[in-house]
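The values are calculated or read from the model by the stated rules, or taken from the named source; none is laboratory data. Keep in mind it's a predicted model, so treat the numbers as computed, not measured. Note: ideal-geometry Cβ built from the backbone for every residue, glycine included; neighbour counts use all protein chains shown.
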Amino acid sequence: MEHDGHDGAMAPEAREQFSRLVISVGVKQFAHSLGVSTRQVNRMLSGAQPNPVDRLVRCLQAADPDAGDTVLDYICQEMGGRFMRGSLDDAAVNRVVERCSEALDAVAQRDSFDGQVNQLREAIVDLHRLIEGESGADGTDSTRATSEE
């Protein structure tokens, strides 16, 4: 049985990734977790039928990118993370992480962090903006007022 109407062999990368999942726990446990037989998992591994990784990739490719991003974010959240399209600017990441680190160091070296509350709060807001992809999160936002308490 060739895989359901697709014009050719399953993408080797999808097969490799699916195989990685199966090998991580073994065919028997993997099949049990999915509620399928070991024979069916082996057919997916051999390419005789499409595997879930291949199908998910095809679903995402067929969908609107925003819908796909939402699904990927859901999957990432289920695994304890978040999906972020694109890459972050390394320099911006370094600036924001450095600001957070400096603020935390200042708090750790003092008995009280009265003077560092705003510095720490602003660094955390910038880190959140950077993660969420918002503008003004590169650690160089000169329009934001800073104050020392």
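Hand me the list of helices (runs of 4 or more DSSP H) wholly inside region 1-98 holding 2 or more residues that are polar (S, T, N, Q) and modelled with pLDDT of 95 or more.
In region 1-98, the matching helices (runs of 4 or more DSSP H) lie at 12-25, 27-34, 38-46.
Just wondering, is there one or more residues in region 81-96 that are crowded, with 16+ Cβ neighbours inside 10 Å, without any contact (Cβ under 8 Å) to a residue 12 or more places away in the chain, outside the structural domain of residue 22 (by TED's automatic domain parsing) and in contact with a helix residue (DSSP H, G or I) (Cβ under 9 Å, 6 or more places away or on another chain)? No, every residue in region 81-96 fails to be crowded, with 16+ Cβ neighbours inside 10 Å, without any contact (Cβ under 8 Å) to a residue 12 or more places away in the chain, outside the structural domain of residue 22 (by TED's automatic domain parsing) and in contact with a helix residue (DSSP H, G or I) (Cβ under 9 Å, 6 or more places away or on another chain).
For region 55-74, the set of residues classified as closer than 22 Å to residue 15 by Cβ and aliphatic (A, V, I, L, M) consists of 56, 57, 60, 62, 63, 71, 72, listed by residue number. The number of residues in region 18-51 that are within 19 Å of the chain's Cα centre (by Cα) and either surrounded by fewer than 17 Cβ atoms within 10 Å (Cβ to Cβ) or without any contact (Cβ under 8 Å) to a residue 12 or more places away in the chain (or both) comes to 2.
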